[in-house]
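One structure is given here, and the rest of the page talks about it.
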Amino acid sequence: MGVPEIGPAVAFGSLTMVSWGIWIVIGNAASESIDPTTAAAISYLVATFLAVGFVLVSGASLAITPRGGALAGVAGLFAGIGFVSMYVGLSQGSTTVVSTLGAMYFVVAAFIGMVALGDEITTTRVAGLLLAGVAVVLVAQ
């Protein structure tokens, strides 16, 4: 029996998980060393250069539709709010609590998907979301 092949979704999802875990720990140290909003701005600036650089070297399409551009802008607005609030939260509380609550963004996305976007509401999904809530309470203790 061979090693199962890891698809791109699992590879990139794993890279995201590890990168964001390291980002929060280092962001906590930064927010203890300088003003947390300044730390967030510096981090976002570096991330912006990285993202733009990736677009340029990857050959991604630079075509922007009005709808796509507006949606990406609104997504960036909420990402920025979350980003700054995470740094401020880290400067005022536990990395464990702030990172765990922040990592629960998927519950919000799943809820919106089921309520507003027509994703199927199943017993399994609802149970999973409830268990995620229980996990946050346990980790935050």
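The values are calculated or read from the model by the stated rules, or taken from the named source; none is laboratory data. Since the model is a prediction, treat every value here as computed from it, not as a measurement. We work out accessible area using only protein heavy atoms, side chains counted, and drop any ligands, DNA or RNA first. Shrake-Rupley method; radii C 1.70, N 1.55, O 1.52, S 1.80 Å.
How large is the convex hull of the C-alpha atoms of the chain per residue, in Å³? It would help to have the intermediate numbers written out before the result.
Details: hull volume 25.8 nm³, N = 141.
Roughly 183 Å³ of hull volume per residue.
Mind checking which of I112, I34, I24 has the largest fluctuation in a GNM of the chain, springs on alpha carbons under 10 Å?
I112
Quick one: compute a quarter of the convex hull surface over the Cα atoms of segment 79-141 and quote it in nm². Intermediate results must be reported in sequence, preceding the final value.
Working: hull surface 18.8 nm².
With the hull built on Cα positions only, its mean projection is 4.7 nm².
Determine the calculated [θ] at 222 nm for the chain from helices alone, applying -39500 (n - 2.57) to every DSSP H run no shorter than 4 residues and normalising by the residue count; nearest 500 deg cm²/dmol. Provide the component values of the computation, followed by the final result.
Details: 6 runs with 113 residues, N = 141.
Here the helix-only value at 222 nm equals -27500 deg cm²/dmol.
Please calculate how many Å² of accessible area segment 14-111 carries per residue, with a 1.4 Å probe and no DNA, RNA or ligand atoms counted.
Working: 6630 Å² over 98 residues.
Roughly 68 Å² per residue, with all protein chains present.
Given a 1.4 Å probe and every protein chain left where it sits, what share in percent of the accessible area of the chain is carbon and sulfur? If you can, show how the numbers build up before the last one.
Working: 7670 of 10240 Å².
C and S fraction of accessible area: 75 percent.
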